[in-house]
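Okay, structure first, notes after.
Just so it is clear, none of the values below were taken in a lab; they were calculated from the coordinates. Because the structure is predicted, anything quoted here is derived from the model rather than measured. Neighbour counts are summed over all protein chains in view; Cβ atoms, including those assigned to glycine, are modelled from backbone coordinates with ideal geometry.
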Amino acid sequence: MDFAYDAKTEELRGRLLPFMQHVYKAEPVFAEQAAAGPQWSTPPVVEKLKARARAAGLWNLFLPKVSGLSNLQYAPLAEITGRSPYLAPEALNCAAPDTGNMELLAEFGTPSQQERWLQPLLDGTIRSAFCMTEPGVASSDATNIATRITPDGDHYVVDGHKWWSSGAMNPRCEIFIVMGKTDPDGPRHRQQSMILVPRDTPGVDVRRGMTVFGYTDGPHGGHADVVFEAVRVPKENLIGAEGDGFAIAQARLGPGRIHHCMRLIGMAERGLALMCQRANDRVAFGRPIGQHGVVADWIAESRVRIEQARLLVLKTAWLMDTVGNKGAHTEIQAIKIAVPQMAEWVLDKAIQAHGAAGVSQDFPLAQLWAAARTLRLADGPDEVHRSSLARKELGRYPTPQT
């Protein structure tokens, strides 16, 4: 088994690592501009970094049809961007939810949909939102969604209430991908469809932005509470066919889950680096805190957990490349369970090592921890993945006959 990165990955890492030095220098500027507002907007420093990234050939690396990279090749690059997850991914046009929406349009969109919406997203000139989760139902079961997409002549009429619609608060967000039911009486997994709804369509009401542990998550695009009331869109805005929505959602979430996990490895590495720096610099009870047994144990355990998680993510990426997302389903679920918990643990210990500074705005640890904790819910909660994974494992063994 060869654990070395191939020549293409190494070449891109050689460009990305120096680029990240510009990202780290831009972080305080980014924070200052984001605080100054306008709220939910993209700080100007991001556009400067985007121009630099494009010039360096570090653009749209996430999308195989554009970059030519496999999941295994992209994984180490996404990990590096995860060290600054609120700045680096967008600088490379590799930020959620646009990545998932671009993958969806590239795979299932018509040529006209791709020309109208995919190309501007690939160019980084607009943003997009994904509208699936609803406040009135348990959205961990996507078949519960209540939003209706009703045929009416040459149009569909969309009615429903969504929240945590990622990306929708950004002023540059121009298109919503909305999941709703076109056939509420059909087979359970064929009731749903997906449709493109331009933001400026009459009846679209973006009511408020949702905070994440008190953070606006604004640079990410924000998460909106959105009501769709008698929203009429042309039938050609449907993605795929009626009833394809659930399958399309699952196809979208597979790459999204592994991309999150790739970046989480980088977040944990950033946390460990900060913890080690703090452990060497801060003296308590007559010696650096890294020489105290408990802190040394955190550092050692962090390294072990990060390495374990990275290997599982790389295996999953390799399987997605070789046997497809369906063949890698078990591993995708495994990393979705393991990696956010790993990053949350490492970042928690880094916060503890920093004391009061760890929960302040002077270090990125609190925001990184909030992101890791949130990803135990986003793209499916831990419990759903555990239940599904257990069913698959149990299915490998015969059921005793009674």
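Structure data summary
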item	result
The chain, dipole about Cα centre (Lys/Arg Cβ +1, Asp/Glu Cβ -1), debye to the nearest 20	780
Under DSSP loop assignment and at most 14 Cβ neighbours within 10 Å, longest chymotrypsin sites (Phe, Trp or Tyr not before Pro)-free interval of the chain	4-212
Residues of type aspartates and glutamates that residue 235 reaches as a straight line, Cα spacing below 13 Å, ignoring anything fewer than 8 places off in the same chain	152, 154
Cβ charges +1 (Lys, Arg) and -1 (Asp, Glu), total dipole of region 239-358, debye	260
Estimated 222 nm signal from helices in the chain, with DSSP H stretches of n ≥ 4 weighted -39500 (n - 2.57), rounded to 500	-16500 deg cm²/dmol
Viscosity 1.002 mPa s, 20 °C: Kirkwood-radius Stokes-Einstein D of region 127-239 over Cα pairs, µm²/s	153
Beta bridges by DSSP in the chain, antiparallel share as percent, to the nearest 5	85
Residue pairs, from the table 25/50; 65/181; 162/349; 50/315; 8/65, whose Cα atoms sit over 26 Å apart	65/181; 162/349; 50/315
Charge sum, other residues only, whose C-beta stays under 13 Å from residue 156's C-beta, Lys/Arg counted +1 and Asp/Glu -1	-2
Neighbourhood net charge (10 Å Cβ-Cβ; Lys/Arg +1, Asp/Glu -1) for residue 289	+2
The chain - percent relative contact order, Cα under 8 Å, separation 6 or more	15
Farthest toward positive dipole pole in the chain [+1 Lys/Arg, -1 Asp/Glu at C-beta], among 264, 375, 177	264
Gaussian network model of the chain, springs between alpha carbon atoms under 10 Å - residue of 153, 290, 186 with greatest fluctuation	153
Mean separation of Cα contacts under 8 Å, 6 or more apart, over the residue count of region 246-394: relative contact order %	29
